Structure formats: structure tokens, C-alpha cells
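**Student:** Following this message is one structure expressed as C-alpha cells.
The values are calculated or read from the model by the stated rules, or taken from the named source; none is laboratory data. Nothing here was measured: the structure is a model prediction, and the numbers come from that model. Quick reminder, even Gly has a Cβ in these numbers, built from the backbone with ideal geometry, and neighbours come from all protein chains shown. Please note that ligands, DNA and RNA were not included when accessible areas were found on the heavy atoms of the full protein model with its side chains. Shrake-Rupley method; radii C 1.70, N 1.55, O 1.52, S 1.80 Å.
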Amino acid sequence: MTLPFKAVAVDMDGTFLDDRKQFDHEQFDQLLTEFEKRGVHFIVASDRPYVRLKQDFKSFANRMDFVTLNGSRLIIKGKDAASYPMNRQDVLELLDEVLAKYGKMATMVFQKDIAYLHSEIDKDERDFLAYFAGNSDVIDDWDDLPEDDIYQITFGMDSKHAADVEEAFNKNHDNKISAFASATFAIDVNVKGVSKGSGLERLLAKMGMTGNDLIAFGDGGNDIPMLDFAKYSYAMANGMDNVKKHAKFIAPANTENGVFRVLQKYLDEDK
């Protein structure tokens with residue numbers, strides 16, 4: 001038999017990575033090599049920026065493709081394929097409105113190769129968030145953000161408010177944003193229409209593929225569009241309950257090497 005898919009898409013935190021934010025590099029090299037022999041593309045679909053993902057995958061990065069910042073930047077074998085930034089004024093107004101309504105919180109604003117955090121947040125919390133950015137800096141006023149394109153905002157708040165954040169802003173701003181519950185206490189905001197699902201659709205189209213060619217793995221609310229798009233969709237056993245409703249299958253937990261186990265099973269059957 002042959003593999004029923006031509007592309008693999010994996011989320012990072014809670015999915016591909018274990019709870020120590022690690023993965024087995026030797027095992028991944030073997031897996032990636034087998035997929036390369038079969039012409040299967042390995043894609044990381046993450047809310048992490050490319051600068052962080054290159055650090056995560058090091059020597060593997062140029063052998064892979066990336067849907068970064070929830071679909072805001074697409075990377076094919078180390079080269080930019082497309083990008084979908086937010087309107088700067090929308091970003092500044094959203095920051096003002098959300099922080100005024102919900103109070104001071106850890107917030108990151110992502111530009112192409114750097115993320116910015118506010119100096120009013122405790123240093124320990126900034127240092128924790130800086131890991132996910134890969135490259136970060138601190139500013140005293142959001143109005144001082146450099147004039148470069150902005151791709152994503154991440155608010156450190158209860159993710160149950162994601163729909164409210166999106167609805168409240170779009171009601172008065174002509175449907176400008178999409179908001180996702182990326183973790184229990186994190187909400188990602190991107191330009192309207194951008195998601196992991198739309199990012200994968202656009203990336204695969206450049207390669208002559210569709211969702212029928214895709215197997216995807218995720219655990220969080222921002223993975224739902226990706227799971228809906230993929231013909232072979234797996235929610236992690238440790239994933240959010242509502243995410244599991246959007247998947248055709250359940251993979252073992254990220255702490256049990258779930259992604260590797262499912263993919264290895266497909267490879268073992270393809271003999």
C-alpha cells in the first residue's frame with residue numbers, strides 16, 4: 001500500500017512537543033527521512049513565530065515547511081512564501097480596548113523576527129513568554145512599536161473570552177480580526193480570515209495539494225480550523241474537549257509520543 005496522505009501538519013505545544021517542550025531528534029530524523037523518500041511534506045503549523053521554530057528544529061528546518069503565527073506567515077524550505085499582516089491602527093486600538101476591559105495582562109505583539117512585551121509585566125513572566133518568541137524586546141508604550149508589519153497579538157487571559165474579544169472588536173471595526181483560544185490561558189489574535197486552516201490551504205495550493213492530501217494533529221482551539229481542513233484529523237488525547245469534536249481520530253497524548261506513534265504506524269503499514 002501507499003500512504004493515504006502527501007503532507008503532515010503538526011501543532012507544537014501540547015501536540016508534537018512533550019511537556020518539557022522537547023522531542024526526540026533522532027527519532028524525528030528517521031521519520032522525516034522516510035517521509036522525504038515518499039515525497040511527503042512535513043509541515044509545522046504553530047502560533048510560534050518562524051524565528052522560534054528555527055531554533056526548535058535547528059538543522060531540520062530547511063527540510064520542512066511552516067505555517068507560522070497561526071497562518072500569518074508561510075515558509076517553504078526556508079523561504080517566505082506568503083504573509084498576512086494586521087493593520088497597525090487596528091492593533092493599537094485592540095490593545096487599548098482589551099487591556100482596558102480585562103485589565104493588565106501578559107501580552108506579546110509579534111512582528112516578523114521579533115516579539116514585543118510591555119515593561120509593566122513582571123520580569124519573570126516576560127522571561128517565560130520570551131521563550132515562545134525566540135527573539136523579544138521590552139517597550140514602555142505600545143504606541144512605540146516599530147513601524148514594521150504586525151502579524152499576531154497574544155493575550156495571556158482566560159481563553160473562554162476569545163469569542164467575546166473577536167465579536168466586540170469586529171462589531172465596531174468592520175470584521176478586522178480572528179481570535180483563537182490557543183491554550184487555557186492564551187488568546188491569539190490575527191487578521192480576519194487567517195488561521196492554521198487557511199494557512200495550510202494556501203501553502204498546500206502552492207504545492208498542488210488540498211486538504212484531501214493532509215493528515216493533521218492538534219490539541220488547542222487554534223487547531224480547529226486545521227483539523228476541519230484535513231481529511232485525516234487527529235486530536236491529542238490531552239487536547240481540549242471541543243477540539244476532539246472536530247477530529248476524526250484521537251492520538252495518544254503528547255506525553256506518550258502520540259504524533260510519532262501514529263505516523264510510525266502509517267509508515268509500518270506502508271511496506
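**Student:** Using a cut-off of 9 Å between beta-carbons, work out the net charge of the residues near Leu267 (Lys and Arg +1, Asp and Glu -1, Leu267 not included).
**Tutor:** On the way: positive: Arg38, Lys265, Lys271; negative: Glu34, Asp268, Glu269, Asp270.
Summing Lys/Arg as +1 and Asp/Glu as -1 gives -1.
**Student:** If I take R0 = 30 Å and measure r between the Cβ atoms of Glu120 and Lys77 in this structure, what FRET efficiency does the formula 1/(1 + (r/R0)^6) give, to the nearest 0.05? Before the final figure, lay out the partial values.
**Tutor:** On the way: r = 40 Å, r/R0 = 1.33.
The computed FRET efficiency comes out at 0.15.
**Student:** Among DSSP beta bridges whose residues both lie in the chain, state the antiparallel percentage, nearest 5. Walk me through the numbers before you get to the answer.
**Tutor:** On the way: 26 of 48 bridges.
Beta bridges within the chain, antiparallel portion: roughly 55 percent.
**Student:** On to the next question. By a straight-distance test (C-alpha under 19 Å), which lysines pair with Lys206 as possible cross-link partners, with residues fewer than eight away in the same chain excluded?
**Tutor:** Straight-distance partners of Lys206: Lys6, Lys77, Lys79, Lys196, Lys231.
**Student:** Taking the Cβ-Cβ separation of Asp140 and Asp18 as r and a Förster radius of 30 Å, what is the calculated FRET efficiency to the nearest 0.05? Don't skip to the answer; put the middle values down first.
**Tutor:** Numbers: r = 37 Å, r/R0 = 1.22.
That pair, Asp140 with Asp18, gives E of 0.25.
**Student:** About the Cα centre, and with charges only on the beta carbon of Lys, Arg (+1) and Asp, Glu (-1), how big is the dipole of region 26-92? Nearest 20 debye, please.
**Tutor:** Numbers: 11 positive and 9 negative charges, 41 e Å.
Approximately 200 debye in magnitude.
**Student:** In addition: Need one number: % antiparallel among DSSP beta bridges in region 10-92, to the nearest 5. Don't skip to the answer; put the middle values down first.
**Tutor:** Values: 8 of 12 bridges.
In region 10-92, approximately 65 percent of DSSP beta bridges are antiparallel ones.
**Student:** Something else now. With θ taken as phi - 60° and the coefficients 6.51, -1.76 and 1.60, list the Karplus ³J(HN,Hα) couplings across region 142-157 in order, rounded to whole Hz; mark glycine and proline as x.
**Tutor:** These are the phi-based 3J(HN,Hα) values: 4, 5, 8, 4, x, 6, 6, 4, 10, 10, 7, 10, 10, 9, x, 9 Hz.
**Student:** Give, as ranges by residue number, the residues of region 54-88 whose backbone N falls under 11 Å from the point 7 Å along Cα→Cβ of Glu36.
**Tutor:** 60-64
**Student:** With an 8 Å cut-off on Cα pairs and a minimum separation of 6 or more residues, tell me the relative contact order of region 17-110 in percent.
**Tutor:** Numbers: 81 pairs, mean separation 16.1, N = 94.
RCO, region 17-110: 17 percent.
**Student:** Within region 77-97, whose backbone N sits under 20 Å from a point 7 Å along Cα→Cβ of Asn175?
**Tutor:** Zone members listed by number: 84-88, 90-91, 94.
**Student:** Normalising by the residue count of region 1-68, find the relative contact order in percent from Cα pairs under 8 Å and 6+ residues apart.
**Tutor:** 36
**Student:** Let a ≥ b ≥ c be the square roots of the eigenvalues of the Cα gyration tensor of region 62-164; is it rounded (a/c under 1.5), or, if not, prolate (a/b larger than b/c) or oblate? The partial results should precede the final answer.
**Tutor:** Numbers: a/c = 1.72, a/b = 1.55, b/c = 1.11.
Note, shape of region 62-164 comes out prolate.
**Student:** Next question. In what sequence, highest mean first, do 25-31, 9-15 appear when ranked by Cβ atoms within 10 angstrom? Before the final figure, lay out each step's value.
**Tutor:** On the way: 25-31: 13.1, 9-15: 24.7.
Packing proxy ranking, top to bottom: 9-15, 25-31.
**Student:** Given Cα positions, please report Rg to Rh for the chain, the hydrodynamic radius being the Kirkwood one.
**Tutor:** Ratio of gyration radius to Kirkwood radius: 0.96.
**Student:** Taking every DSSP beta bridge with both residues inside region 102-157, roughly what % is antiparallel (nearest 5)?
**Tutor:** Details: 8 of 12 bridges.
Antiparallel bridges: around 65 percent, rounded to the nearest 5.
**Student:** Heavy atoms only, probe 1.4 Å: what % of the accessible area of the chain goes to carbon and sulfur, would you let me know? Show your work: numbers first, answer last.
**Tutor:** Numbers: 5470 of 11950 Å².
So the carbon and sulfur contribution to the accessible surface is 46 percent.
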